[in-house]
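Here, each number is a calculation from the coordinates, and none is a lab measurement. Since the model is a prediction, treat every value here as computed from it, not as a measurement. Quick reminder, even Gly has a Cβ in these numbers, built from the backbone with ideal geometry, and neighbours come from all protein chains shown.
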Amino acid sequence: MARDETTPLLENGAAPKTAKTAKVVGAVFGPANRILLAGFMMAFTLGITQVPIIYVFRLMECDVFYTHNPPFEGLGDRCHRREINAGTATQVSILGMSTSFSGVFNLFICGYFIKLWGPRWAFCSQTALLGLRVSTQVLGVTIGGRTGEIIFQACQAIGIIGGPRGYQLVLNTAVSELVAPKDRTAVFGRLQGSIMLGTAFGFLLGGVLGDVYNIRRPFEVAFFLYVASTIYGALFMPTGEGNDTNNPKKGGRGISGFFAPLKIIVPHRYRLASGKVIKNHSLIFLALGILLGVFASGYAPILLQMYATSEFNFGTTENGWLMFGNSAIRGIFLLFMFPKIISAGRVWFNGTHASTESRKPDSESHIPINPEDFEASEVGEVPQEPVQAPDLDEEDSGTGFDLFFVRWSLVIDSLVTFFAGFSTNGWQVYLAGFLLPFASGSAPAAKGVMTELCPPHQRPDAISAITLVESTASLLTQGFFGLIFAAFSEAGKPSLTFFCNAGCAVFGFIVLFMAYLPPVDSKRVDDDDEGSDTETETET
C-alpha cells in the first residue's frame, strides 16, 4: 500500500513483525538467559574434573601405600584396603579444605573485582585463572604419587584470586541487579538449577572420559572448556553496570568496599510505626543457620562417593552416574519446581485473599513509568507523564515463606541423610543421591531473604556475605567430616558419618527459629541516621 502524509504511522497500534521478532529474540537471548548459560558452562567444566579427582587421589594414595608395604598378590582390586580408603579420605579432605580456604578469600577479591571492573571482566578473570589451575592438575596427574597430591593441594591457592566461588558471586550479583524484587528468589533458584545441571553433565562426562580414555583426559578437556568460557564471558556476559552508579551509598572501591560483606551480618536497627527503635539480630541467626545447614549437607556428595567407593567398590563410571543423577535432579528441581513452590507457598503463607487483593488492578494507583506501559491513544492525543510515583516496593511480600522454606528444607535433608546411613546395597546409595536434591532449595531461598532484608545498595555485599558463610561452612565440613569419615573407616564403621551430618542439620533447623522478619510497618535505620535518633533502643 502506498504511503503518504495521511497514512497512520502506528497502523491502529499493531506492532510490526520485525518488532515482535526482536522481542522474542531479546527474551531468548536476554541478559538473564545469558547469565544462566554462563553458569551452566562453568559448572559443566568444573564437574568434569570432580569425579576423576577422587579416583585420582585413590590411585595416588594406593601408589604411596605400596611404596612402604609389600607388593599386592592375588586377585581383585589392589587398592581395596581400609588403610588406602582412610588415606584417600584424609588427602581429599586436605584438598577440600585448601579449596574452601581459597574460596573464602576469593569472595573478597572477586567482590572487589566486581566493583572495580564490573561483572563481565570479573567473570573473565575467574574463568581464566580456573583454566590455569586445571593445567597444574594435569601436571599432578602425570607425576602421581605423593608429589602429585601435593601439587593438587598446593595449586588450589590459585583459587584465592580466581575460583568457583568467585564466578558464582559474579553471576548472583548480576542477577540481583537485573531481576525484579518479587522474582529474585525464584531466579536465584533457576541460576542454582542451571549450575546443578551443568555439574550433572560434567560429572557424567568426566567419569566416562576417565574410563574410556585415561584418567588425565578429563583435566585436559576442562582446560579447553575454560578457555571457551573466558571467550564467551568477554563477548556475551551482560555488564550489569549502571544500575547504581549514581547512588551515593554504593559501596566504595577502597578497603571499606573490600571488607563490606562483613558489615552485613550484624544487628540492624529498625524504627517502628510508633517511633520506637529496636535492634534486630535475625541476619546473624540466619547466617548461623545456613552455616550449620551447609556444614551438615555440604559433605554429602563427597561422602556418598567415598562411602560407595569403599563399601561397594564404585569406580569412576558408577560415581559419575551417581553424581549425575544427584545434580540433574537438583537442577530440574531448582529450575522448574522451586519457582512454583516459592510462588504457591507465598500465596499460602500470606493468605490467598491478601495476595489477590494486592494484585488487583487499580486505575488510580497504577501509574505507568516505562514507555511501553502507556496504552495506545487516539491520534493526536499526547500521553501525559505520571503525576504520582508508583509503589514499586514488593520486596517484603513472601519473604516470610522464604524463611519458612529454609527451615524445613534442613529437616528434609536431615531425614534423607539419616536413612542413607543404613545403606547396605549400591542401589540404596543411588536412592539417597536422588532424594537429597529435594532439600536443596535452602541456599537460594536464604539469598532471597538476605537480599530483601538489606537496602538496594547493599545487595551485592549481601550476596557476598551469604556466599562467604557457605564457603566457610564448606571449609569446616570438608575438613571436619573428612577426618571423621577417615576415623570411622579405620574402625570399619564409615556409615556413622551420615548420622553426624543429620544431627548438625537438625541443630541448624533449631537455630533458624531464632531468625524472624522485622515487625510490619517498621523501617530500617541506616547507619548515617544513627546520630539523629534519640528514641529508646530495644534489643530483639
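How much length would be gained if the chain were fully extended between ALA273 and LEU37, taking 0.36 nm per residue of separation minus their Cα-Cα distance, in nm to one decimal?
So the extension gain works out to 80.5 nm.
With the crude spin-label approximation of a point 7 Å out along Cα→Cβ, what separation in nm comes out for ARG82 versus PHE438?
3.6 nm
Fully extended, how many nm does the chain gain between ASN69 and ILE510 (0.36 nm per residue separation, minus their Cα-Cα distance)?
153.9 nm
For a label point 7 Å from the Cα of LEU116 along Cα→C-beta, name the residues of the range 156-197 whose backbone N is under 13 Å from it.
161-162
What is the distance in Å between the Cα centres of the range 136-182 and the range 319-343?
So the two Cα centres are separated by 22 Å.
Tally Lys/Arg at +1 and Asp/Glu at -1 over every other residue whose Cβ is under 15 Å from the Cβ of ILE332; what's the total?
Neighbourhood net charge equals +3.
Based on the alpha-carbon set only, what is the convex hull volume of the range 150-249 divided per residue, in Å³?
In the range 150-249, the Cα convex hull volume per residue is 136 Å³.
Could you tell me whether the range 120-176 comes out rounded, prolate or oblate from its Cα gyration tensor? Rule is a ≥ b ≥ c as square roots of the eigenvalues, rounded for a/c under 1.5, then prolate if a/b exceeds b/c, otherwise oblate.
The shape class here is prolate.
If you plug each phi of the range 407-413 into the Karplus form 6.51 cos²θ - 1.76 cosθ + 1.60 with θ = phi - 60°, what whole-Hz ³J(HN,Hα) values come out, in order, with x for Gly and Pro?
Rounded to whole hertz, the list is 4, 7, 5, 5, 5, 4, 4.
If you look at just the Cα atoms of the range 83-177, how large are its Rg and its Dmax in Å?
Values for the range 83-177 (Cα only, Rg and Dmax): 15.0, 50 Å.
Figure the gain on full extension for LYS523 and LYS182 (residue separation times 0.36 nm, minus the Cα-Cα span) and round it to one decimal in nm.
120.9 nm
Pick out, from VAL104, ILE114, GLY76, the residue whose Cα sits farthest towards the positive end of the charge dipole of the range 61-132, with +1 on the Cβ of Lys and Arg and -1 on the Cβ of Asp and Glu.
Checking the options against the dipole of the range 61-132, the answer is ILE114.
Note down the net charge around THR467, summing +1 for each Lys or Arg and -1 for each Asp or Glu among other residues with Cβ under 9 Å from its Cβ. Please list the in-between numbers first.
Working: positive: ARG165, LYS447; negative: GLU470.
With Lys, Arg at +1 and Asp, Glu at -1, the neighbours total +1.
I'd like the FRET efficiency for ALA154 and LEU496, computed as 1/(1 + (r/R0)^6) with the beta carbon distance as r and R0 of 30 Å, rounded to 0.05.
Once rounded, the FRET efficiency stands at 0.40.
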